[in-house]
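Take a look at the structure below.
The values are calculated or read from the model by the stated rules, or taken from the named source; none is laboratory data. Being a predicted model, the structure only gives us computed values, none of them experimental. Every residue, glycine among them, receives a Cβ derived from its backbone with ideal geometry; neighbour counts consider all protein chains shown.
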Amino acid sequence: VRQECHGDAARTAGGSGVTRKCTALDLLEEEQSQGFIITFCSALDNILGGGVQLTKITEICGAPGVGKTQLCMQLAVDVQIPECFGGVAGEAVFIDTEGSFMVDRVVDIAAACVQHCHLIAEAQQEEDHGKALETFSLENILSHIYYFRCRDYTELLAQVYLLPEFLSEHSKVRLVVIDGIAFPFRHDFEDLSLRTRLLNGLAQQLIIIANDHKSAVILTNQMTTRIGQNQSTLVPALGKCSTLT
Amino acid sequence: MVWRSVLFSLPVEMVVLRAGLCPGLTEDMIQLLRANGIRTVVDFVSSDLEDVAQKCSLSYKALVAVRRVLLAQFSAFPANGADLYEELKSSTAILPTGSPSLDQLLDSGLYTGEVTELMGAPGSGKTQVCLGIAASVSLGLKQHVLFLDSTGGFTASRLYQILQAQTEDEEEQLEALQRIQVVRVFHIYEVLSALQELRDRLSQQVLSSTGPLKMVLLDSVSAVIYPLLGGRQSEGLALMMQLSRELKTLAREFSLAVVVTNQVTRDSSTGPLKPALGRSWSFVPSTRVLLESKEGSWEKGTSHRAASLAKSPRQPTGIQVQLDIGNGDVLEPSLVTPTQGL
């Protein structure tokens, strides 16, 4: 019964059709007209090929303290930049498993972003810039970031499974951030095969969300040390069996 | 759609004896047989008929006659080797992959009627090689390609890049793009559904917009099956077997080359790499190629990969070649003869 419901939901989501079938040419046209979520760091945007891509999953991994959550908060603000400034004018869903989301910091980031856009508008003096800036205010930005707090892996899985319903009600969401995909799975998990299975199921669920709702999905991952024969290297956690890259 | 395919491909063991299955098999006979534990065709054919005649008090001659008819109805016809070879020669095609060194590994290319598997760790280049194969078949051979994408990794702009590297003519590029049909299948039932649709289309020989289809790529099979295997759910294995049967019969019946990609796992953190999905799946593909990046090269970001042959009905395993997944150009084919194998 669950499968049928899912199938129906995919049909009513519309857009890409019942069996998501098209030629490569159609896909190329779609991809070329899709926007990117810019990160405001041109070097990063360059290596990503223009910014964070919609309909794909991007994983950010790094050692503790390197800035993963900061980047996620930046992107949750950047996704809301109006189209006339080069953004995608979307909303953001932020799923936090580590509790590292600091609202004060988001306020700082949002204020800076608004100011940046004001400067661009002043320099270029175009009409639609002025109109867009009326709706692009600090309060609006904060009210369009939907925050969820998940404390263990069960809550995280439940949240991701309930997400399609939420997204069909809030169709303007263009970014889903899961800050700390590794955290609920790393400790206290005795059954490793169950963990791999759950992660793979989660990855499939996320790619369905990314594809059907034309959103970018961002996951942050921790690093672990792999002890080799001669040396040890830092590698992303959750192993090579994870299909999340 | 899934149910339809299950019904039509019931194995013989499941065919239950019923009146009218063949002349001479009456309802009374069936009741007597059933009372003695003979329910299916296989039970009947493999039992000792003298014994049965005594226990069920039926005529021995009648039983022998029924058995002869059942055997004729349900057994496969033997064919001799020479006929088989002739048929194979006329219906099998070998599709070049666009990469001379990969073709060398595969004994000149991808054979239709067979399932070939590409396996590797994340980032080893499986999707890139699949894109290269799709581009080469569509552009070079002007055949239609069906790409089943289950990971969301299909990027049309990358495919376009590969096509641009192979030909300068814009029209040809666009035509090649139109010959590749992409279906996004993120769940096992969607995969089965798409394959069923393909089967319907091909058996009705609707040539309209799809044209002559010669290749089906499924990237990746482990993404849809992995979440189902293991644990207390028992349907995972059954679904995997149904998928494998669908792929193999499609390949054989319609002379398609089927390519699937698979992940690799390790038994322990330092054990050797082995393909995912276990022993049951390992019988499905006839050829397996392992893709690896060089040691620690994921940090340096090269586009060089090593492809080695892990299973093949035609070539010795362990052969290794170098691939460049950059722009579809390949390095000088350097055939490294096996010393370490997999």
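Tabulated data for the structure shown
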read-out	value
Members of region B:144-155 found to be small (Gly, Ala, Ser) and surrounded by fewer than 23 Cβ atoms within 10 Å (Cβ to Cβ), listed by number	B:GLY152, B:GLY153
Residue in region B:162-182 that is of a type outside the set (D, E, K, R), facing chain A (nearest Cβ under 7 Å) and within 21 Å of A:GLN205 (Cα to Cα) present	yes
Test: A:LEU202 is of a type in the set (A, V, I, L, M), buried (at least 21 other Cβ atoms within 10 Å of the Cβ) and touching a residue at least 60 places away in the same chain (Cβ under 8 Å)	no
Checking B:SER234 against (1) within 12 Å of another protein chain (Cβ to nearest Cβ); (2) free of Cβ contacts under 8 Å to residues at least 12 places away in the same chain, the condition it does not meet	(1)
Matching entry among A:SER171, A:SER232 (being small (Gly, Ala, Ser), in contact with a His (Cβ under 9 Å, 6 or more places away or on another chain) and more than 11 Å from chain B (Cβ to nearest Cβ))	A:SER171
Residue match in region B:138-157 (condition: of a type in the set (Phe, Trp, Tyr) and under 23 Å from the mean Cα position of the chain (by Cα))	yes
Residue in region B:164-185 that is surrounded by fewer than 16 Cβ atoms within 10 Å (Cβ to Cβ), within 24 Å of A:GLY50 (Cβ to Cβ), of a type in the set (D, E, K, R) and modelled with pLDDT under 90 present	yes
Extreme residue, farthest from the chain's Cα centre (by Cα), among residues of region B:20-68 that are in a helix (DSSP H, G or I) and in contact (Cβ under 8 Å) with a residue 40 or more places away in the chain	B:ALA65
